[in-house]
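Trainee: My questions will all concern the structure given below.
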Amino acid sequence: MEDFGIMPHTPLDPFKDILGVDHTPERLAENLASFAEILEEIRKLRALDLTDIHPAIVFEPTVPYRQEPDQ
């Protein structure tokens, strides 16, 4: 079987290999515990049905470049 320059089949550690974060499992568990309350609040916000609620501000970057008729 050809190698094709592919690395050996070793599982990736996403925190270290992808994100570049080199913490111990204990430290990661501590971080997760610290942010558990915030993550729960985010889950509550994502569960809200906001289809009938319009935002207070609408970002429309083309407004300054629109040409009004007869101006």
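Trainee: Calculate the dipole size of the chain relative to its Cα centre from +1 charges on Lys and Arg beta carbons and -1 charges on Asp and Glu beta carbons; express the result in debye to the nearest 20.
Mentor: 140
Trainee: Related question: Just to confirm the number: angle between the C-alpha axis of helix 25-47 and the first principal axis of the chain, 0 to 90 degrees, nearest 10?
Mentor: 30
Trainee: Longest segment of the chain with no chymotrypsin sites (Phe, Trp or Tyr not before Pro) in a DSSP loop having at most 14 other Cβ atoms within 10 Å?
Mentor: Looking at the chain, 5-58 is the longest stretch - no exposed chymotrypsin sites (Phe, Trp or Tyr not before Pro) with at most 14 other Cβ atoms within 10 Å.
Trainee: Given a 1.4 Å probe, how much area per residue of the chain is accessible, in Å²?
Mentor: I get 108 Å² per residue for this part.
Trainee: Here's another thing I want to ask about it. Stokes-Einstein D for the chain at 4 °C, 1.567 mPa s, Kirkwood Rh over Cα pairs, in µm²/s?
Mentor: The Stokes-Einstein estimate is 69 µm²/s.
Trainee: While we're on this one: Amide H of V21 versus every other amide H placed in the peptide plane: which residues, excluding those fewer than 5 positions away on the same chain, fall under 5 Å?
Mentor: For V21, the qualifying residues are K16.
Trainee: While we're here: Pop out the carbon and sulfur fraction of the accessible area of the chain as a percent, whole number, probe 1.4 Å.
Mentor: Looking at the chain in its full context, I get 60 percent from C and S.
The values are calculated or read from the model by the stated rules, or taken from the named source; none is laboratory data. If you're wondering where the values come from, they're calculated on a predicted model, not measured in any experiment. Reconstructed Cβ throughout: ideal geometry from the backbone, glycine too, with neighbour counts over all protein chains shown. Quick note on the areas: whole protein, heavy atoms, side chains included, nothing else; ligands and nucleic acids left out. Shrake-Rupley method; radii C 1.70, N 1.55, O 1.52, S 1.80 Å.
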